[in-house]
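Down below is the structure, laid out as structure tokens.
The values are calculated or read from the model by the stated rules, or taken from the named source; none is laboratory data. Everything numeric here is computed off the predicted structure, so don't read it as measured data. All Cβ positions, even for glycine, are placed from backbone atoms using ideal geometry, and neighbour counts span all protein chains on display. Note: accessible area is taken over every heavy atom of the protein model, side chains too, but ligands, DNA and RNA are not part of it. Shrake-Rupley method; radii C 1.70, N 1.55, O 1.52, S 1.80 Å.
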Amino acid sequence: MTLIHIEKASKYYTMGEETIKALDDVSLDIDHGEFVAIMGPSGSGKSTLMNIIGCLDIVDKGIYDLDGQAINVLKDSQLAEIRNQKIGFVFQSFNLLPRLSAYENVELPLIYRGLSKKEREPLVLDALESVDLFDRRNHYPSELSGGQQRVAIARTLAGDPSIILADEPTGALDSKTGVEILNILKRLNAQGRTIILITHDILIAKQAKRIVQFRDGRLYKNV
Ligand code: ADP
Ligand code: ADP
């Protein structure tokens, strides 16, 4: 079943006199439960696509439907609501707060969402369990060297996203830790979550079920 439907989508940026086509007439469908890797050189439009899929930004031209809903007609507040309900972001930098424990880092967004302590606890513990950090939930980020990205993933999971958008999640990690992260993403995919992963690493991309390649804002390969 189609989750993401992007049709003839373009996104432009104006820099002085120059117009940059960050995305140029891109069409892409992604089904529920897929694991897609996105590759391409720096500046080829990968992050722009992620921002659009993640409802952080909207297309200038073309169509983006998410779960059958037209996204490019929505107001900012509606986009934010969809992000909260459906989308989880993981970045190269973990953006953890160093003075909070793993547990507290995962809990923080749930506090902002207004959940009570009693509501938060099972969500935080389940999320930490999913990334194998239950036993180390009271450790601080500095004590979890290779586990920091796992805390960041748990923080995302606590919001129960159906789609996980990961922009170079292994980019800052040694290869062993990178493989651990990839295995966690594969497990989350096996549990039914849709994963979209930007990577420069072909060995990582090959673990996905599909590789989409970008060049100069255009999708040129979809295998
Ligand atoms: P990457 O190459 O790893 O995708 P970038 O450094 O190109 O990362 O971009 C990081 C973020 O900054 C992206 O979300 C993008 O939207 C934004 N960005 C990229 N280029 C520009 C620019 N020229 N002006 C303003 N923002 C930019
Ligand atoms: P990638 O993620 O593949 O590195 P991006 O999507 O970040 O590529 O960028 C695609 C193109 O759009 C680049 O030329 C980049 O400089 C430009 N760009 C991205 N975001 C912005 C922005 N906010 N303002 C101006 N230019 C941008």
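Just one of the listed residues (Lys61, Lys75, Lys46, Lys11) is charged (D, E, K, R), on the phi < 0 side of the Ramachandran plot and more than 16 Å from ligand 2 (Cβ to nearest atom), and it is Lys75. Selection of segment 196-219 for residues being out of contact with any strand residue (DSSP E or B) (no Cβ under 6 Å at 6 or more places or on another chain) and of a type in the set (A, V, I, L, M) yields Ile202, Leu203, Ile204.
Results for (1) open to solvent by less than 90 Å² (accessible area, probe 1.4 Å); (2) at pLDDT below 95; (3) closer than 25 Å to Lys21 by Cα, shown as yes or no for each residue.
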position: His139; (1), (2), (3): yes, no, no
position: Ala172; (1), (2), (3): yes, yes, no
position: Thr194; (1), (2), (3): yes, no, no
position: Gly217; (1), (2), (3): yes, no, yes
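Scanning segment 57-67 for residues that are part of a loop (DSSP other than H, G, I, E, B) and in contact (Cβ under 8 Å) with a residue 40 or more places away in the chain turns up Asp57, Val59, Asp60, Asp67.
A Cβ distance below 7 Å, combined with a sequence gap of six or more or placement on separate chains, defines the contacts here; from segment 30-56, residues that are part of a loop (DSSP other than H, G, I, E, B) reach residues that are open to solvent by less than 30 Å² (accessible area, probe 1.4 Å) and near ligand 1 (Cβ under 10 Å from one of its atoms) in the pairs Gly40/Lys46; Gly45/Ala22.
Residues in segment 14-43 that are more than 7 Å from ligand 2 (Cβ to nearest atom) and of a type in the set (A, V, I, L, M): Leu23, Val26, Leu28, Ile30, Val36, Ala37, Ile38, Met39. Checking each residue in segment 3-30 for being exposed (fewer than 14 other Cβ atoms within 10 Å of the Cβ) and more than 16 Å from ligand 1 (Cβ to nearest atom) picks out Lys8, Ser27, Asp29.
If the condition is being more than 16 Å from ligand 1 (Cβ to nearest atom), touching a residue at least 40 places away in the same chain (Cβ under 8 Å) and either of a type in the set (D, E, K, R) or part of a strand (DSSP E or B) (or both), then segment 151-186 contributes Arg155, Ile163, Ile164, Lys186.
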